[in-house]
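Dumping the structure here so I can ask a few things about it.
The values are calculated or read from the model by the stated rules, or taken from the named source; none is laboratory data. This structure is a prediction, so every number in the text was calculated from the model and none was measured. Heads up, the Cβs are rebuilt from the backbone with ideal geometry, glycines too, and the neighbour counts pull from every protein chain shown. We work out accessible area using only protein heavy atoms, side chains counted, and drop any ligands, DNA or RNA first. Shrake-Rupley method; radii C 1.70, N 1.55, O 1.52, S 1.80 Å.
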Amino acid sequence: MRRKPIIQALEREGWKLTDILITHHHHDHVGGVAELKQKYGCRVVAPHDKTAKIANVDLRAAHGDVVKVGELLARVLETPGHTLDHISYVFDSDKALFAADTLFSIGCGRVFEGNYPMMWDSLLKLRALPDDFKLYCGHEYTASNVKFALTVEPDNPALTARAEEVAKLRAENKPTIPSLLGEEKRANVFLRADDPAVAAKLRMKGASAADVFAELRERKNKS
Ligand SMILES: [Zn+2]
């Protein structure tokens, strides 16, 4: 986590930082926490992690917990796979999902600590959320994800539409995030590993969804 852009944004908006919601222990997601906590005296919410890799935590959140952030309520979903401690935050009333490195627009996180069935199960938890929820993910990887997804599904109209939109946004140096979960369900091949049409594209007819997901993720790793 880079603290400078966060401090700049807070100052620009005239906001005071009250809470930091951490999703997992990777350095690019926790790196600035100590300085921000010292500067603002904010509360730090983080997943349970037995190895205590995340420091400066005030509240440990587990599956089903609801965290109050000002007037907002965040429901915690455990979404392991990328890391074992990964959690996502769902703001039901605000129709927003913060999925960090589990689900990206037109992609998903690498499976570092968990295994493929575990990651697929986590993606199913996120796919179960309503179509009109906005997806806020941890990285602007959409253009690279689109490039890969088109190698699997060049004729998916939802994907080609998203590809055009992403190319336009990036050409204007604009973010592709957030996206709509309903669009992701149609265009993101990693959310459709249980779709027989996807299995057929990979010549894996009849294979389990977890195996199709594993093949997709491994192809992306090599791409
Ligand atoms: Zn990560």
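For the subset of region 70-91 comprising residues that are outside any strand (DSSP E or B) and over 27 Å from Pro117 (Cβ atoms), which member is farthest from the ligand (Cβ to nearest atom)? Lay out the reasoning, then the answer.
In the first step, residues of region 70-91 are kept if they are outside any strand (DSSP E or B); the result is 70-71, 79-86.
Subset that is over 27 Å from Pro117 (Cβ atoms): 70-71.
Values: Gly70: 26, Glu71: 29 Å.
The extreme case among them is Glu71.
Of everything in region 127-147, what is part of a helix (DSSP H, G or I) and within 16 Å of the ligand (Cβ to nearest atom)? Give them in sequence order.
Across region 127-147, the qualifying residues are Ser144, Asn145.
Step by step: first the residues of region 100-126, then only those that are among the acidic types (Asp, Glu) and either in contact with a helix residue (DSSP H, G or I) (Cβ under 6 Å, 6 or more places away or on another chain) or open to solvent by 10 Å² or more (accessible area, probe 1.4 Å) (or both), then the one that is nearest to the ligand (Cβ to nearest atom). Which residue is that?
Across region 100-126, the extreme among qualifying residues is Glu113.
Considering each residue of region 83-99, count those that are in contact (Cβ under 8 Å) with a residue 24 or more places away in the chain, out of contact with any strand residue (DSSP E or B) (no Cβ under 6 Å at 6 or more places or on another chain) and either open to solvent by less than 10 Å² (accessible area, probe 1.4 Å) or acidic (Asp, Glu) (or both), and give that number.
Summing the residues that are in contact (Cβ under 8 Å) with a residue 24 or more places away in the chain, out of contact with any strand residue (DSSP E or B) (no Cβ under 6 Å at 6 or more places or on another chain) and either open to solvent by less than 10 Å² (accessible area, probe 1.4 Å) or acidic (Asp, Glu) (or both) in region 83-99 gives 2.
Here is a follow-up. Given Phe148, Phe213, which one is farther than 28 Å from Leu21 by Cβ and modelled with pLDDT of 95 or more?
Phe148
Within region 9-20, is there a residue that is away from the ligand (no atom under 16 Å from the Cβ), touching a residue at least 24 places away in the same chain (Cβ under 8 Å), open to solvent by 70 Å² or more (accessible area, probe 1.4 Å) and touching a helix residue (DSSP H, G or I) at 6+ places or on another chain (Cβ under 7 Å)?
yes
Which members of region 21-48 meet the condition of being polar (S, T, N, Q) and either within 16 Å of the ligand (Cβ to nearest atom) or within 17 Å of the chain's Cα centre (by Cα) (or both)?
Once the filter is applied, which keeps residues that are polar (S, T, N, Q) and either within 16 Å of the ligand (Cβ to nearest atom) or within 17 Å of the chain's Cα centre (by Cα) (or both), region 21-48 yields only Thr23.
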